[in-house]
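See structure below.
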Amino acid sequence: MSKYSKEDIIRLAEEEDVEFIRLQFTDIFGMLKNVAITSSQLQKALDNRCIFDGSAIEGFVRIDESDMYLYPDLDTFEIFPWRPQQGKVARLICDVYGVDQKPFIGDPRYVLKRAMERAKEMGYVFNVGPECEFFLFHTDEEGRPTTQTHETAGYFDVAPIDLAENVRRDIVLNLEDMGFEVEASHHEIAPAQHEIDFQYENVLRSADNIMTFKMAAKTIAKRHGLHATFMPKPKEGVNGSGMHINMSLEDATGRNAFVDESDSLGLSSTAYYFMAGILHHMKAMTILTNPLVNSYKRLIPGYDAPIYIAWSATSNRSSLIRIPSSKGAGTRIELRCPDSAMNPYLALAACLRAGLDGIEKQMKLPECVQGNMFIMAPECLEKRGVERIPETLGDAIEAFEHDGFMRDVLGEHIFIKYLEAKKKEWREFRAQVTDWEVSEYLYKY
């Protein structure tokens, strides 16, 4: 059942003195875009009559087919709590449609909706709870971001050691004003690193929440004179920022389909098949969960990020998939490789479809790997058939390029556009001469 009707939104906009409405959507690389309208144009927007130039958005359409329409999701109407109390600003998250009044195949939100429809056909709802990590850094005299921080706080530290406690609290309070249910927030392992965790939601709402969270964190950090970054590894020698994804399936009765109390781990065959599907497709979908050149600087031994395609029956944080200790209705699996730069619509669609593929084909789950894989000999893991996730963006491109399953998940349009862009990014990176190379080789050769 819908939360709002068109009439509700028009009435709320009038009662709350909303002057501007941002019609938001996301491009294929996870960048939030918007068209701002005044309240006088709200009825037009709610009638799906707002047009924008799709050719100006990277990965969308050519200039000769540029007109696109924004169809607001009425349930995403929110008033930004950090804006002025008079002349407020609200937002609506939109789906993108073509002039033929059909969903645009290059809209990431549509890709996720297609995956959700497949789950529905199989009798499931996909629920997700993200753990979002980010850094808060100083800005320079001109307001540009740096990687500098004055603090030296670590995991779970509090003020006065945690110098950004008030910033994090401000972010949480603003999110709660927008209807978020925040489960926890705390300082992370690296100096200036933080984490905020959201309540479980259906996957579409969770993806919307991730995009909203990133915008809110950046906006509120800026008000405090700081820069919030979701770059996976902004500094060498410290942990990078991940976005661990907790996930489970709900059946038609509303019951957690991952639960089987007769199983030694409390997991159903559905949960085992789902995990097997993700592990089976992990190499090909790593480019979606870890989309940047920089993502692979995080995925190295010693920094609490998994590098092997394996699962653990305990809370083993060196595993790609771990089983959190929660039981009963809270039973879930946690995928630990995704990072905060991912496009949540595409990455979560890939996770869902991979898991469903495992269920459909009743894939066999590899043997559980216990213990700290960071210190295990690679030869030992190789003997057990444990593979490594891609080591670079180039490796991820190779795994993705010829994978028919990922092509089906994303659709031809996004698959090709995404692949072209990532190949270009990798070529440009490989052409760079880094400071490390200069310091390592200049005086030797």
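Hey, which aspartates and glutamates would be in cross-link range of Lys423, C-alpha to C-alpha under 18 Å, not counting anything within fewer than 8 residues on its own chain?
Output for Lys423: Asp27, Glu58, Glu391, Asp395, Glu398, Glu401, Asp403, Glu412.
Using only C-alpha atoms and all pairs of different ones, pull out the Kirkwood radius for the range 159-228 in Å with one decimal.
12.6 Å
Could you give the accessible area per residue of the range 54-209, probe 1.4 Å, as a whole number in Å²?
46 Å²
What does the charge dipole of the range 202-267 about its Cα centre add up to, to the nearest 20 debye, if the Cβ of each Lys and Arg holds +1 and the Cβ of each Asp and Glu holds -1?
That gives the range 202-267 a dipole magnitude of about 800 debye.
Express the accessible area of the range 370-445 per residue in Å², computed with a 1.4 Å probe while the remaining protein chains stay in the model.
67 Å²
Please compute, over every Cα-Cα pair in the range 364-442, the percentage with a separation greater than 17 angstrom.
Cα-Cα pairs of the range 364-442 separated by over 17 Å account for 66 percent.
At 24 Å minimum axial length over the Cα atoms and a Kyte-Doolittle cut of 1.6, report the qualifying DSSP H helices in the chain, or say none.
Membrane-span-like by this criterion, though nothing is claimed about a membrane: none.
Mind ranking Cys368, Cys337 by accessible surface for me, highest first, 1.4 Å probe?
Cys368, Cys337
Find, to one decimal place in angstroms, the Kirkwood hydrodynamic radius of the range 228-317, where the mean of 1/r is taken over every pair of different Cα atoms and then inverted.
15.3 Å
Roll a 1.4 angstrom probe over the protein heavy atoms and tell me the percent of accessible area of the chain that is carbon or sulfur.
49 percent
Candidates [x] 21.1; [y] 23.1; [z] 22.3; which is the computed Kirkwood radius over Cα pairs in Å?
[y]
How much length, in nm to one decimal, is gained on full extension between Arg144 and Ser262, taken as 0.36 nm per residue of separation minus their Cα-Cα distance?
36.9 nm is the gain from fully extending Arg144 to Ser262.
For Cα pairs less than 8 Å apart in space and 6+ apart in sequence, what is the mean separation divided by the residue count of the chain, i.e. the relative contact order in percent?
Once normalised by length, the contact order is 14 percent.
Based on Cβ point charges of +1 for Lys and Arg and -1 for Asp and Glu, what charge dipole magnitude is obtained for the range 191-332 about its Cα centre, in debye rounded to the nearest 20?
That gives the range 191-332 a dipole magnitude of about 720 debye.
Going by accessible area, probe 1.4 Å, with all protein chains left in place, what is the ranking of Val238, Val99, Val167, largest first?
Val99, Val238, Val167
Excluding ligands, DNA and RNA, what is the solvent-accessible area per residue of the range 217-292 at a probe of 1.4 Å, expressed in Å²?
36 Å²
Pull out a ≥ b ≥ c, the square roots of the eigenvalues of the alpha-carbon gyration tensor of the range 284-375, then state rounded if a/c is under 1.5, prolate if not and a/b is larger than b/c, and oblate in the remaining case.
Taking the square roots of the gyration eigenvalues as a ≥ b ≥ c, the range 284-375 is oblate.
Name the residue from Ala350, Cys380, Ser325 whose Cα lies farthest towards the positive end of the charge dipole of the range 322-390, charges +1 on Cβ of Lys and Arg and -1 on Cβ of Asp and Glu.
The one lying farthest along the dipole's positive direction is Ser325.
Among Thr212, Gly54, Ser295, whose Cα sits farthest toward the positive end of the charge dipole of the chain (+1 at Cβ of Lys/Arg, -1 at Cβ of Asp/Glu, about the Cα centre)?
Ser295
Report, in debye and to the nearest 20, how large the dipole of the chain comes out about its Cα centre when Lys and Arg carry +1 and Asp and Glu carry -1 on their Cβ.
580 debye
The values are calculated or read from the model by the stated rules, or taken from the named source; none is laboratory data. All values derive from a computational prediction rather than experimental measurement. For neighbour counting, all protein chains shown are included, and Cβ atoms are generated from backbone atoms with ideal geometry for every residue, glycine included. Calculation scope for accessible area: heavy atoms of the full protein, side chains included, ligands and nucleic acids excluded. Shrake-Rupley method; radii C 1.70, N 1.55, O 1.52, S 1.80 Å.
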